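Peer 1: Please see the structure below; I have some questions.
The values are calculated or read from the model by the stated rules, or taken from the named source; none is laboratory data. Keep in mind it's a predicted model, so treat the numbers as computed, not measured. Methodologically, a virtual Cβ is constructed for each residue, glycine included, from the backbone with ideal geometry; neighbour enumeration extends over all protein chains shown. To get the accessible areas, we keep the full protein, side chains included, count just its heavy atoms, and leave off ligands, DNA and RNA. Shrake-Rupley method; radii C 1.70, N 1.55, O 1.52, S 1.80 Å.
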Amino acid sequence: MFTYWHYVYRADDDLEMTMVCHRPEGLDQLEAQTNFSKRELQVLYRGFKNECPSGIVNEETFKQIYSQFFPHGDASTYAHFLFNAFDSAHTGSIKFEDFVTALSILLRGSVTEKLQWTFNLYDINRDGYINKEEMTDIVRAIYDMMGKYTYPVLKNDAPKQHVEAFFQKMDKNRDGVVTLDEFILSCQEDENIMRSLQLFENVI
C-alpha cells in the first residue's frame, strides 16, 4: 500500500540513515505487541509521518493513496472496507499503532492470525458472522478494483458465482452465515480457497 513498506527490508546502513528523531509513544509496547523490531518500527514511523504528517489517516486520504495502485479500476469501495478493518477502534481515522498492528499480522502473522484478520474484513457489520451479502460486497469491490482490463475478462455475475462456491464449502451447518471457526476450518481444509484468499491478500 504505502510506498515506504520496502524500507523494512533495506540493509542496515540504509535503515540507520532513515531513523527518526521523534518516536511514537509506546514504542517498546508496540515492539512487544507486533512482529517488528524497534528499528523496523522507527523506519515505518518515519515513512508513515512522511505520507501523513498529521500522524493520522482519514478515509479520504486512505482512498487516495490506495487508488494510486489500481489505476485501471475503481478501488474506492474496497479501500472503504479495508480502512474500516484497519480502524479497529472505530475512530474514523487510522493511527500509526493501528497501521503497524495490522501490517504485522498481514506480513508476519501466523496463518490463523491472517485468517482472523481476513474474517474481520469480510464481517462488514461486525456481528461475528459473514453472510452472503457481506461476502458479495467485498468480492465485487475487489473485482471493481482490478478493473475491466483483467485477463481473462470477467463476467458480470462472476462475483456472485465466486461467493456461491465459497458459501457452499464454508457454511458447514447451512444456517446462512459463516462463523469464524467455519471460516478458518474451511480455509485450512481447501487449498483452492487459501489460494483465492492469498490473491485477495495481495491487494491489501
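Peer 1: Name the helices (runs of 4 or more DSSP H) wholly within the stretch 28-134 that hold at least 2 residues that are among the hydroxyl-bearing types (Ser, Thr, Tyr)?
Peer 2: Details: elements: 38-51, 59-67, 76-86, 96-108, 111-122.
Those helices (runs of 4 or more DSSP H) span 59-67, 76-86, 96-108, 111-122.
Peer 1: For residues in the stretch 51-73 being among the acidic types (Asp, Glu) and at pLDDT 90 or above, which is nearest to GLU97 (Cα to Cα)? Full working, then the answer.
Peer 2: The first filter runs over the stretch 51-73 and keeps only residues among the acidic types (Asp, Glu), leaving 51, 59-60.
This time we only want the ones that are at pLDDT 90 or above, so: 59-60.
Numbers: GLU59: 16, GLU60: 19 Å.
Looking at the filtered set, the residue picked out is GLU59.
Peer 1: So, one more: Please go through the stretch 86-102 and give me each residue that is without any contact (Cβ under 8 Å) to a residue 60 or more places away in the chain and buried (at least 18 other Cβ atoms within 10 Å of the Cβ), ordered by number.
Peer 2: Within the stretch 86-102, the first condition is being without any contact (Cβ under 8 Å) to a residue 60 or more places away in the chain, and the residues that meet it are 86-95, 98-99, 102.
Of everything in the stretch 86-102, those that are without any contact (Cβ under 8 Å) to a residue 60 or more places away in the chain and buried (at least 18 other Cβ atoms within 10 Å of the Cβ) turn out to be PHE86, ASP87, SER93, ILE94, LYS95, ASP98, PHE99, ALA102.
Peer 1: Only one of these conditions is not met by VAL57: (1) open to solvent by 20 Å² or more (accessible area, probe 1.4 Å); (2) touching a strand residue (DSSP E or B) at 6+ places or on another chain (Cβ under 8 Å); (3) aliphatic (A, V, I, L, M). Which number is it?
Peer 2: (1)
Peer 1: For the stretch 33-54, give me each residue that is open to solvent by 30 Å² or more (accessible area, probe 1.4 Å) and aromatic (Phe, Trp, Tyr).
Peer 2: Listed by number, the list holds a single entry, TYR45.
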